[in-house]
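Just below is one structure, and these are the notes that go with it.
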Amino acid sequence: MTDDIDATITAVLMRAQQARGFAEYFKVGDLVRFPLGVQWNRERDYRIHKIYNNGFEVESNGHIQSHTDEAAHRLGMTHSPNQVD
């Protein structure tokens, strides 16, 4: 029963993120990168700290940054190659 509920919740969240324009499904704890950002941060991993209806909070080295969906798209937010599922 729990697996069915978890799968349903995941499917709803995936559709919501797709509706926001994201091709990838992001969840709290995922490692992401912003390859279109400033050059010295392109290879840095950020961990998703919180997900909002219109953006994300990410953390790197104890520093938390907020990005709207628009900014995440502009910076090319994608999963880090170091992300392990």
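Which option, (i) 31, 14, 11; (ii) 24, 14, 11; (iii) 27, 19, 9, is the value of semi-axes √(5λ) of the Cα gyration tensor in Å that was calculated from these coordinates?
So the calculated entry is the one marked (ii).
Tally Lys and Arg at +1 and Asp and Glu at -1 over the other residues with C-beta under 13 Å from the C-beta of Asn82: what net charge comes out?
Details: positive: Arg33, Arg44, Arg47; negative: Asp30, Glu43, Asp45, Asp85.
Computed value for this residue: -1.
What is the spin-label model distance, in nm, from Asn54 to Glu70 if the labels are put 7 Å beyond Cα along the C-beta direction?
Label at Asn54, label at Glu70, 0.9 nm between them.
How large is the charge dipole for the chain, taken about the Cα centre, if only the Cβ atoms of Lys, Arg (+1) and Asp, Glu (-1) carry charge, to the nearest 20 debye?
Value, rounded to 20: 340 debye.
Between Asn82 and Tyr25, what FRET efficiency follows from the Cβ-Cβ distance if R0 is 22 Å, with the result rounded to 0.05?
0.80
Taking the Cα centre of region 1-55 as the origin and placing charges on Cβ (Lys, Arg +1; Asp, Glu -1), which of Ala7, Ile48, Tyr25 is farthest toward the positive end of the dipole?
Ile48
Separation of region 50-85 and region 17-46 by C-alpha centroid, Å?
The distance from the Cα centre of region 50-85 to that of region 17-46 comes to 5 Å.
Each label point is 7 Å from the Cα along the Cα-to-Cβ direction; what then is the distance between the points at Arg15 and Arg44, in nm?
3.7
Helix 2-19 versus the longest principal axis of the chain: what angle, 0 to 90°, nearest 10, using Cα atoms?
50
Every number in this text was worked out from the coordinates using simple rules, so none of it is lab data. Quick caveat, the model's predicted, so the values are computed rather than measured. Cβ sites come from the backbone with ideal geometry, for glycine too, and all protein chains shown count toward neighbours.
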